[in-house]
Amino acid sequence: MNAVTLYDSGVFLCNGAPCPGSCDRDKDVSRQKTIAAKILASHNTSNDAGALKLRFDALISHDITYVGIIQTARASGLEKFPVPYALTNCHNSLCAVGGTINEDDHVFGLSAAKKYGGIYVPANQSVIHSYAREQLALCGGMILGSDSHTRYGALGTMAVGEGGPELVKQLLCNTYDIPAPEVVLVYLTGAPRRGIGPHDVALALVGAAFPGGFVKNRILEFVGPGVANLSMDFRNGIDVMTTETTCLSSIWVTDDCTKAFYETHNRGEFFKELAPEDGAYYDRMIQIDLDKIESMIALPFHPSNVYTIHEFNASAAELLAGVEAEAKQLFPGAPLALTSKVDERGVHADQGVIAGCAGGMYESICEADAILKTGDVGDGAFSLSVYPTSIPVSLELTRQGVSASLLAQGAVIKPSFCGPCFGAGDVPANNGLSLRHTTRNFPNREGSKPGEGQISCVALMDARSIAATAANGGVITAATDIDYDFTPAAYTFDASPYDKRVYNGYGNPQPETALVMGPNITDWPAQYALADNLLVELAAVIRDPVTTTDELIPSGETSSYRSNPLRLAEFALSRRCPEYVGRSKAVAAQEAQHRAGTLSEKLCKVLSAVGDADALAQNTQFGSCLFANKPGDGSAREQAASCQKVLGGFANICYEFATKRYRSNCINWGILPFTLDKDTEFPYSEGDFVFVPNIRAKLAQSCEQFDATVICADGSTYPLTLYVKGLTDTEKQIILDGCLMNYYANGNK
């Protein structure tokens with residue numbers, strides 16, 4: 001049996017064990033017996049159990065999302081934060097690009113926390129998800145975060161990562177609207193062996209569940225006898241990576257181990273036991289046999305591209321040649337030569353990084369230290385950086401002597417910071433291979449710029465195997481192959497750094513406080529309501545199987561401009577389709593000319609192909625459009641959509657959206673989320689147009705199918721059927737109004 005097994009039929013949980021879906025029980029009644037169903041029901045404000053309208057207990061954002069969220073909410077009538085809202089400063093804290101504009105965002109955040117009654121966590125105090133685990137989680141609660149890895153299920157908190165507009169809705173006391181999601185049982189058995197860490201389990205899970213969309217938009221519920229064999233750090237390390245399966249959220253049973261975590265963090269009153277009722281029904285099941293998990297590696301360019309380290313080392317030259325071939329397709333101007341790293345000793349990596357919400361936890365760093373004591377980093381090309389996930393964790397590592405031991409073995413200890421996860425800091429050399437216990441290894445996620453002829457890449461591994469590799473001179477090594485001693489010291493949480501540095505103004509807004517607005521912090525440009533007809537020009541056509549949000553709007557150095565919508569938009573698709581911005585601007589210029597009363601010759605010619613150009617021009621909106629097979633995998637950042645919109649983008653056309661959160665971002669920014677039937681061919685290119693007549697009226701009538709016409713550059717026309725399925729009434733109105741800000745400005749609540 002494999003370590004991870006998928007079952008695509010429903011199962012009941014009877015007497016703590018899965019039993020066949022044919023069990024003589026009522027499935028609809030039994031669905032309400034899951035932990036997930038009970039938490040959702042307790043947060044649902046609608047009278048329809050199938051159409052949820054959820055209110056969350058707390059919100060959390062970091063410093064490349066909270067400025068835009070607060071600016072949007074402020075423009076929509078925000079008076080105070082209605083629930084605890086923590087603003088952490090862990091993404092844009094390097095402050096290496098753009099002069100003062102990085103710290104200007106932080107000053108703005110503190111002033112907003114004071115004005116509206118929020119929580120402000122200064123730079124390098126904690127990464128976003130560590131602070132939420134330590135200070136916001138509550139058993140049976142729900143947290144919404146503007147970061148895709150918002151996952152606190154192991155602490156009994158159902159958490160969801162979404163784009164900023166969904167947090168705006170919560171700040172304005174509105175709801176998060178979704179159909180009732182299916183729940184997938186994740187049944188854990190056995191116990192992990194020495195050398196196996198949470199990333200090994202997580203990568204095995206992602207490798208099994210992601211490729212076929214097995215858990216997409218579903219909730220994972222972790223139960224089974226294996227849970228008791230995992231520490232809280234181990235559980236949190238698995239849980240945070242469930243995002244990479246494309247599930248909606250996660251939840252775990254709670255036990256004495258969970259209780260101890262809350263008590264250690266001086267929050268014992270927020271613990272309660274959570275468990276499914278006997279006979280709970282799940283729509284699917286995943287079984288994970290922890291004792292069969294091996295040391296894993298995820299090769300570029302996705303966390304699901306997984307192998308055991310032993311499998312990888314046995315076929316390294318062949319597998320790395322495959323990565324090179326993929327890189328050549330993606331970035332023909334930046335050759336990758338990973339096979340040069342293979343010799344008779346094995347595969348030589350250039351860098352190791354243990355960091356962030358997944359890797360920087362106390363237990364992983366302690367065990368990495370124990371493994372590294374069997375060798376040392378050495379004076380070769382390989383380097384090892386360790387980022388503890390929060391100041392309290394760093395403080396305890398110091399008191400236990402772990403930090404001193406790591407430093408003595410050649411590692412470098414760095415402050416709490418999310419940068420290595422998205423390409424801000426620790427960027428490898430050209431053709432470098434970095435091993436990281438972080439969350440993602442998408443193309444350029446490590447910060448390289450193939451458009452400038454440079455490329456490097458990341459392979460994901462657990463901190464334990466990264467330490468084993470460091471001890472072996474940078475030759476990739478499974479931690480299970482190392483003989484080492486490790487007895488974890490009990491963790492003591494010291495809240496004094498937070499008591500002294502974190503501003504907590506929840507429940508005490510100071511409306512007289514002025515927002516501090518640096519020169520880079522700008523308001524959103526005006527957006528317009530959807531017109532009767534829509535004409536869009538294809539500004540980018542991407543035929544990759546999946547397009548990530550990192551490709552739609554790169555991370556790394558662009559983080560400095562997140563508070564300036566127009567300046568940030570200059571980076572849209574810059575590493576994947578550099579021509580996109582210029583093409584979109586050209587279309588937007590023609591729309592501006594049209595609004596001023598003049599129809600360009602080009603648009604007149606296009607409209608003439610489908611009717612009377614002068615008549616159609618009176619009620620047609622012109623914009624740009626992105627086509628991708630499956631866009632939106634990865635980050636929750638709303639800028640992946642907002643950058644398109646401020647450049648004049650009005651539609652995405654695809655076969656399916658990779659994630660709900662990216663589709664929601666498009667909707668909240670007034671971008672039509674068109675899909676195609678899976679059998680429909682789309683042979684069209686940049687510069688071709690798509691005309692959708694009567695779009696406003698049909699959308700208002702809740703039509704889901706739209707007859708369109710493609711107008712090619714040579715003047716030929718072709719029919720095309722587009723779909724917009726499953727819009728809620730609120731989502732429909734947001735698109736009609738042009739974006740979420742317009743929706744609120746029009747008096748909607």
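Suppose the filter is in contact with a helix residue (DSSP H, G or I) (Cβ under 9 Å, 6 or more places away or on another chain) and modelled with pLDDT of 95 or more; does G164 pass it? When the stated conditions are applied, G164 does not pass them.
Scanning segment 477-503 for residues that are buried (at least 24 other Cβ atoms within 10 Å of the Cβ) and β-branched (V, I, T) gives a single hit, T477. Is one or more of the residues making up segment 244-257 among the charged types (D, E, K, R) and within 21 Å of the chain's Cα centre (by Cα)? Taking every residue of segment 244-257 in turn, at least one turns out to be among the charged types (D, E, K, R) and within 21 Å of the chain's Cα centre (by Cα). Every condition in (1) without any contact (Cβ under 8 Å) to a residue 12 or more places away in the chain; (2) out of contact with any Lys or Arg (no Cβ under 9 Å at 6 or more places or on another chain) holds for N44 except the one numbered (2). For segment 482-527, a tally of residues being among the hydroxyl-bearing types (S, T, Y), farther than 19 Å from T398 by Cα and modelled with pLDDT under 95 returns 1.
Anything in segment 90-124 that is crowded, with 24+ Cβ neighbours inside 10 Å and either at pLDDT below 95 or part of a helix (DSSP H, G or I) (or both)? List them, or say none. Of everything in segment 90-124, those that are crowded, with 24+ Cβ neighbours inside 10 Å and either at pLDDT below 95 or part of a helix (DSSP H, G or I) (or both) turn out to be C90, H91, N92, S93, N102, D105, G109, A112, A113, Y116. Once segment 671-689 is narrowed to residues that are among the hydroxyl-bearing types (S, T, Y) and within 20 Å of A609 (Cβ to Cβ), the residue that is surrounded by the most Cβ atoms within 10 Å (Cβ to Cβ) is Y684. Of the residues making up segment 591-631, those that are polar (S, T, N, Q) and either crowded, with 20+ Cβ neighbours inside 10 Å or free of Cβ contacts under 8 Å to residues at least 24 places away in the same chain (or both) are Q593, T598, S600, S608, Q618, T620, Q621, S624. Looking at segment 246-260, is at least one residue surrounded by 21 or more Cβ atoms within 10 Å (Cβ to Cβ) and under 19 Å from N305 (Cα atoms)? Checking segment 246-260: at least one residue is surrounded by 21 or more Cβ atoms within 10 Å (Cβ to Cβ) and under 19 Å from N305 (Cα atoms).
Taken over segment 523-540, residues that are closer than 18 Å to L78 by Cβ and surrounded by fewer than 16 Cβ atoms within 10 Å (Cβ to Cβ) amount to 1. The single condition from (1) part of a helix (DSSP H, G or I); (2) surrounded by 24 or more Cβ atoms within 10 Å (Cβ to Cβ) that E134 fails is (2). Would you say R661 is of a type in the set (K, R) and touching a Gly at 6+ places or on another chain (Cβ under 6 Å)? Yes: the conditions hold for R661.
Considering segment 490-510 alone, what residues qualify as being assigned to a helix (DSSP H, G or I) and touching a residue at least 12 places away in the same chain (Cβ under 8 Å)?
Scanning segment 490-510 gives P497, Y498, R501.
Right, A651: closer than 30 Å to S559 by Cβ, crowded, with 18+ Cβ neighbours inside 10 Å and more than 19 Å from the chain's Cα centre (by Cα) or not? Taking the combined requirement at face value, the residue satisfies it. Residue check: is N217 in contact with a helix residue (DSSP H, G or I) (Cβ under 6 Å, 6 or more places away or on another chain), in contact (Cβ under 8 Å) with a residue 12 or more places away in the chain and either crowded, with 18+ Cβ neighbours inside 10 Å or polar (S, T, N, Q) (or both)? Yes; evaluated as a whole, the condition is true for this residue. Which condition number does E311 fail, the rest of (1) in contact (Cβ under 8 Å) with a residue 40 or more places away in the chain; (2) within 24 Å of R194 (Cβ to Cβ); (3) in a helix (DSSP H, G or I) being met? Condition (1) is where E311 drops out.
With the condition being farther than 17 Å from S664 by Cβ and of a type in the set (F, W, Y), I'd like the strands (runs of 3 or more DSSP E) fully within segment 148-259 carrying at least 2 qualifying residues.
On the way: elements: 158-161, 176-179, 183-189, 219-223, 249-252.
By residue number, no strands (runs of 3 or more DSSP E) qualify.
Filtering segment 210-256 to residues that are touching a Leu at 6+ places or on another chain (Cβ under 7 Å) and among the small types (G, A, S) leaves G224, G226, S250.
For segment 702-711, the count of residues that are closer than 24 Å to C247 by Cβ, in the same structural domain as V587 (by TED's automatic domain parsing) and surrounded by fewer than 23 Cβ atoms within 10 Å (Cβ to Cβ) is zero.
Give me a count of the residues in segment 541-559 that are buried (at least 24 other Cβ atoms within 10 Å of the Cβ) and either farther than 29 Å from Y655 by Cα or over 19 Å from the mean Cα position of the chain (by Cα) (or both). Counting residues in segment 541-559 that are buried (at least 24 other Cβ atoms within 10 Å of the Cβ) and either farther than 29 Å from Y655 by Cα or over 19 Å from the mean Cα position of the chain (by Cα) (or both) gives 1. Within the option set A588, A651, being under 25 Å from I734 (Cβ atoms) and at pLDDT 95 or above holds for one residue only, A651.
As a summary of the residue check, T513 satisfies the conditions (1) on the phi < 0 side of the Ramachandran plot; (2) within 23 Å of the chain's Cα centre (by Cα); (3) part of a loop (DSSP other than H, G, I, E, B) except for the one numbered (2). Within segment 528-561, being modelled with pLDDT under 85 and assigned to a loop (DSSP other than H, G, I, E, B) holds for P554, S555.
The values are calculated or read from the model by the stated rules, or taken from the named source; none is laboratory data. For clarity, every value in this text was computed on a predicted model and none was experimentally measured. Heads up, the Cβs are rebuilt from the backbone with ideal geometry, glycines too, and the neighbour counts pull from every protein chain shown.
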